[in-house]
Amino acid sequence: MRIRHLSSQLANQIAAGEVVERPASIVKELLENSLDAGAGRIEVEVEQGGSALIRVRDDGCGIHRDDLVLALDRHATSKLETVDDLAAIRTLGFRGEALPSIASVARLTLSSRQADDAHAWRIDADAAGSGEPVPAAHPPGTVVEVRDLFFNIPARRKFLRAERTEFAYLEETFRRIALSRFDVAFRLSHNRRVIYDLPALADSAAGIERIAALCGETIAEYGLALERDAGGLSLRGWIGTPASARSQADTQYFFVNGRVVRDKVVSHALRLAYQDVLHHGRHPAYVLYLDIPPAEVDVNVHPGKHEVRFRESRLVHDFLARTVKAALAHSAPEAPAVRPGFAPSPGAPDRPGGGGAPSRDSSYPAWQPRMQQSMPLRAAEAAAALYARTPLVDPVDGRQAFAGEAPAPQSADDELPLGRAVAQLHGVYILAENRHGLIIVDMHAAHERIVYERLKLGREGEGIRVQPLLVPVTLRLSVAEAELVEDSRELLAALGLEVERLGVDGAVVRAVPALLCEADAERLVRDVIADIRTWGDSDRVRERIDETLATMACHGAVRANRRLTLAEMDGLLRDMERTERSGQCNHGRPTWTQLDMKALDTLFMRGK
């Protein structure tokens, strides 16, 4: 075949294949146009999942009468003028393809009125072309009606899913756009039934209310607010605590300059921030907003504008990972209080008390007590000042030791978040009493986190303190394992392990970290060697050294069935109160939970 130009109709339909995948794609494009037009209120009406009708109405600036025909031409836009504009895009839309692409696969009606006009103007369009604008009755703003999607392309219409499925996609798109702008009112109705009616919010601090309406109580009840500015980057929003993690990644929203995106750099940074506090197979919930100079991000890398490219991706990655990790690090035990708003984290306002609505994640039973894990930094500092920081291991004789019984609080301000120990249950759980009710602590999981955090502090500071063994421990290894010990002596030393090769197939352990002096030295070293073999080489182990420290901490944590005195139990509670990430063990399991008096009364039907 000879080369020839495509017809305008065919070119538009090919372009529509990139822009219009399903009804949700149309809603996304039209909502973004409304926001770019400065709308303060946007209404979306849908019938039959969007295949029969999509109507989007806004009160934005409107379109000039002479521009209505041009708006339906490909690559016609009011948002770009020069190449320099493309390098610093500040609008959601900019390609000028949405309206002509939609008109090529559906019947489109566009009505618009500018504030100074006496009346509105309307234009109709479909794949055959557009007519001329005619006068119409309409308030200032714009309304776009899209009917009979894919009426002229039966093959594509067959690929549409059931009405319920298509509306689910459309609803998710609406949810993302509504989360991007708290200052705009949104309304969504389906088959003449109102699904969402969201008022505009006066400030971002009230955004948690919209999040609760759109995403459920997962973040609203369990979220930590954060806000940080550094190096021209600004991150704000809410992140869910590890205890509120979900079985699916269905409550994860990330916005760059107001645009919802899916980005590998962002995803990896957030996974890194949660890596040692999240249980396997669980997914964190978050709604986060990153503001970055437009020239530092390229939004023109995906037809649907779902992906972006950062000019300094490593800088963005580290900023996100450190900010979220710091917020999680300071989520320590606290008494329940009020919902968080926008505030620097650590130091976010407190959340409501137990007994409220449970998370919608079905993996937790409805009566599951909530986890209280958002201690403000000021409370953590107060606890650390009130109770002397003593090591878990006595430096003289190396025996396991806890901080010991703390003095009684002198006032309500000095109240102990995790209360006072009252008993030990089956050598596994510590039962404590605080002002709100009953605290239950998994003592091994809690102590494991404490040991792990102190190992990390030692590694990042002056090094892990070493305890020489009175009697060195000899190991029988394979030849390959013995060679691995010889090749990894420097790495083992960095972990606080003094291990030397002994002969062809042996090794001798001469010292272990002081925090782990009561651990089984042979099992400890064998597990570390197994980690090195699993990750291939010492460089990989250095990258994952925290996971190796977590393995070591598990060996050093107090074991089940060990009887503790009340003073030792209280000492463990105090250590938890001043240890970062103490709400989860190294494997992401919760270390404690609170049953408040309301929950206890409910269990025993008091007052019924």
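Throughout, read-outs are computed from the coordinates displayed, never taken from laboratory work. Since we're looking at a predicted model, the values are computed, not measured. Note that we place each Cβ from the backbone using ideal geometry, even for glycine, and neighbour counts take in every protein chain shown.
Tabulated data
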quantity	calculated
Sorted by Cβ density within 10 Å, fewest first, the residues ASP116, ASP601	ASP116, ASP601
Per-residue ³J(HN,Hα) for the range 117-133, Karplus 6.51 cos²θ - 1.76 cosθ + 1.60, θ = phi - 60°, Hz, x for Gly and Pro	7, 6, 7, 8, 10, 10, 9, 10, 8, 8, 5, 6, x, 10, x, 9, x
Relative contact order %, the range 8-198, counting alpha carbon pairs below 8 Å whose residues are six or more apart	29
Packing-based exposure ordering (other Cβ within 10 Å, fewest first) of LEU201, LEU226	LEU201, LEU226
Counted charge near VAL56, where neighbours are those whose Cβ lies closer than 11 Å (Asp, Glu -1; Lys, Arg +1)	-2
Neighbourhood net charge (9 Å Cβ-Cβ; Lys/Arg +1, Asp/Glu -1) for TYR253	+2
Computed over the range 130-286: relative contact order in percent, which uses C-alpha pairs under 8 Å that are six or more apart	16
Cα shape, the range 463-539, gyration tensor, a/c 1.5 rule	oblate
Interchain or long-range residues, amide H under 5 Å from ALA185's placed H	ARG41, ILE42, ALA200
